[in-house]
Amino acid sequence: MPELPEVETVRRTLTELAAGKTIASVDVRWPKMIKKPEAEPFRDALLGETIHSIDRRGKFLIFQLDHYALISHLRMEGKFSVNESSEAEAPHTHVIFSFTDGSELRYRDVRKFGTMHLTEKGMEHELSSLKALGPEPFDPRFTPDYLHARLQKTSRQVKTALLDQIIVTGLGNIYVDEVLFRARVHPHRVSSTITPEEAAQIHAYTISVLAEAVERGGSTIRTYVNSQGQKGTFQEVLNVYGRAGEACVECGAEIVKTKTAGRGTHICLQCQPIEHLI
DNA sequence: AGTCTAGCCTGGGAGC
DNA sequence: TGCTCCCAGGCTAGAC
């Protein structure tokens with residue numbers, strides 16, 4: 001599932017493949033994924049636009065064009081690739097941007113969860129979903145004190161709070177489990193009981209886990225590949241996610257799987273003590 | 001205002 | 001073999 005490291009890897013590979021190309025036509029096969037404007041004006045607006053650069057904000061990709069910004073969220077399964085128009089089309093291809101040089105940017109998404117928005121250039125951060133985002137984990141404004149203060153204000157379980165992109169952007173279900181394991185904090189701890197010392201650990205591991213995952217090109221758990229079709233390697237160093245029933249790398253206890261707000265959660269109960277639960 | 005839940009989607013695996 | 005059920009989970013809209 002694309003979280004910050006996967007989206008950043010897609011951004012980098014896609015920049016190499018698509019920057020400088022000009023859109024000649026757009027084919028939208030699944031109009032529902034175009035959230036703003038409607039699919040038809042979306043398509044018309046993009047004709048003749050050149051992709052100058054690709055930015056990332058949280059888990060959103062932002063294509064900077066001549067007059068517009070195209071905002072894309074991959075959600076769980078979305079993938080971009082650049083192909084020659086003669087190449088066979090992969091199943092579940094929902095949007096095709098054909099370039100003037102004969103190549104194509106293809107978006108495919110088995111689950112159809114991904115979204116695209118188009119805004120006037122420079123107005124992308126006014127989009128409600130981007131406007132609401134909290135600091136990037138690598139932003140100097142994301143400090144231990146900030147994180148502790150935000151956690152103090154909520155009664156939610158700490159894992160749920162960390163998945164809230166308003167507090168910090170970029171963590172998803174895989175990396176949040178890894179961060180909390182490394183910080184030795186149980187995911188179901190009430191956020192307001194997290195001490196300044198624990199917040200500092202969570203803060204430090206949020207940064208280091210995401211940075212290492214970016215270096216490794218993300219994690220390939222199910223189907224993730226970057227825009228050049230390559231898998232990430234961070235899954236090789238995951239300590240808890242997807243390791244239910246295996247021995248903890250720190251203490252040898254069995255990793256258990258439970259649920260947090262409907263999501264799978266992986267814990268070592270020995271390393272992540274269970275007091276202060278909701 | 002803060003928190004929670006249903007819904008969006010499909011493929012793959014388990015169970016019968 | 002073939003059917004049904006459940007799970008994967010980021011984000012939003014709407015309810016409480």
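When all C-alpha to C-alpha distances in region A:15-150 are sorted into bins of 10 Å, what percent of pairs does each bin hold, rounded to whole numbers?
It works out to 11, 41, 32, 11, 4, 0, in whole percents.
Quick one: if you stick a label point 7 Å off each Cα along the C-beta vector at A:Thr233 and A:Ala204, how many nm between them?
The answer from the label model is 2.6 nm.
Using a Gaussian network for chain A with springs between C-alpha atoms less than 10 Å apart, which of these wobbles most: A:Thr206, A:Thr260, A:Thr169?
Among A:Thr206, A:Thr260, A:Thr169, the largest GNM mean-square fluctuation belongs to A:Thr260.
Show the residues, 5+ positions off or on another chain, whose built amide H is closer than 5 Å to the amide H of A:Arg57.
Under 5 Å from the amide H of A:Arg57 lie the amide H atoms of A:Ile62, each far enough along the sequence or on another chain.
As a test of the formula, what do you get for chain A when each DSSP H run with n ≥ 4 contributes -39,500 (n - 2.57) and the sum is divided by the residue count, at 222 nm and rounded to the nearest 500 deg cm²/dmol? Display every interim value, and only then the final one.
Numbers: 7 runs with 73 residues, N = 278.
Taken over chain A, the calculation gives -8000 deg cm²/dmol.
Using Cβ contacts closer than 10 Å as the measure, can you line up A:Ser98, A:Ser86, A:Ser227 from fewest to most? Walk me through the numbers on the way to the answer.
Numbers: A:Ser98 17, A:Ser86 8, A:Ser227 22.
The order, fewest Cβ neighbours first, is A:Ser86, A:Ser98, A:Ser227.
Using a 7 Å offset from the Cα along the Cα-to-Cβ direction at both A:Arg12 and A:Ser155, what is the distance between the two label points in nm, to one decimal?
Result: 4.3 nm between the two label points.
Non-local amide H neighbours of A:Val95 (under 5 Å, H modeled in plane, Pro and chain starts lacking H): which ones?
A:Arg29, A:Tyr107
Which order do the peptides A:25-32, A:129-136 come out in when sorted by mean C-beta neighbours inside 10 angstrom, highest first? Display every interim value, and only then the final one.
On the way: A:25-32: 14.2, A:129-136: 16.1.
In decreasing order of mean packing, A:25-32, A:129-136 become A:129-136, A:25-32.
Would you mind ranking A:Cys251, A:Cys268 by Cβ crowding within 10 Å, fewest neighbours first? Mind dumping the intermediate values first?
Working: A:Cys251 10, A:Cys268 22.
Fewest to most other Cβ atoms nearby, the residues stand as A:Cys251, A:Cys268.
Under a Cβ-Cβ cut-off of 13 Å, what is the net charge of the residues other than A:Pro144 that fall near it, where Lys and Arg count +1 and Asp and Glu count -1? Present the calculation step by step, with values, prior to reporting the outcome.
Values: positive: A:Arg141, A:Arg150; negative: A:Asp145, A:Glu197, A:Glu198.
Counting the neighbours of A:Pro144, the net charge comes to -1.
Per the Debye formula with a single identical scatterer at each Cα and no solvent contribution, what log10 I(q)/I(0) holds for chain A at q = 0.07, 0.09, 0.13, 0.15 Å⁻¹?
Values, matching the q order: -0.28, -0.45, -0.87, -1.08.
By the scheme Lys and Arg +1, Asp and Glu -1, what is the net charge of all other residues having a beta-carbon under 15 Å from that of A:Met76? Working shown, then result.
Values: positive: A:Lys59, A:Arg75, A:Lys79, A:Arg108, A:Arg111, A:Lys112, A:Arg222, A:Arg263; negative: A:Glu3, A:Glu6, A:Glu77, A:Asp109.
Overall, the nearby charge balance is +4.
About the Cα centre of region A:4-132, what is the dipole size in debye to 20, counting +1 per Lys and Arg Cβ and -1 per Asp and Glu Cβ, all else neutral?
Working: 19 positive and 20 negative charges, 127 e Å.
Here region A:4-132 has a charge dipole of around 620 debye.
Could you size up the charge dipole of chain A around its Cα centre, putting +1 on the beta carbon of Lys and Arg and -1 on that of Asp and Glu, and report it in debye to the nearest 20? The partial results should precede the final answer.
Numbers: 34 positive and 36 negative charges, 172 e Å.
For this selection, approximately 820 debye.
Taking the Cα centre as origin and putting +1 on Lys and Arg beta-carbons and -1 on Asp and Glu beta-carbons, what dipole magnitude results for region A:219-278, to the nearest 20 debye?
Numbers: 6 positive and 5 negative charges, 73 e Å.
Charge dipole of region A:219-278: 360 debye, to the nearest 20.
Got a sec? Charge dipole of chain A, +1 on Cβ for Lys and Arg, -1 for Asp and Glu; which of A:Ala45, A:Phe234, A:Asn83 is way out at the positive end?
Positive-most Cα among the choices belongs to A:Phe234.
At 7 Å along the Cα-to-beta-carbon direction for both A:Ser129 and A:Ser85, put a label point, then send me their distance in nm to one decimal.
The answer from the label model is 3.0 nm.
No lab work stands behind these numbers, since they all come straight from the coordinates. All values derive from a computational prediction rather than experimental measurement. When we count neighbours, we look across all protein chains shown, and the Cβ atoms used for this are built from the backbone with ideal geometry, even at glycine.
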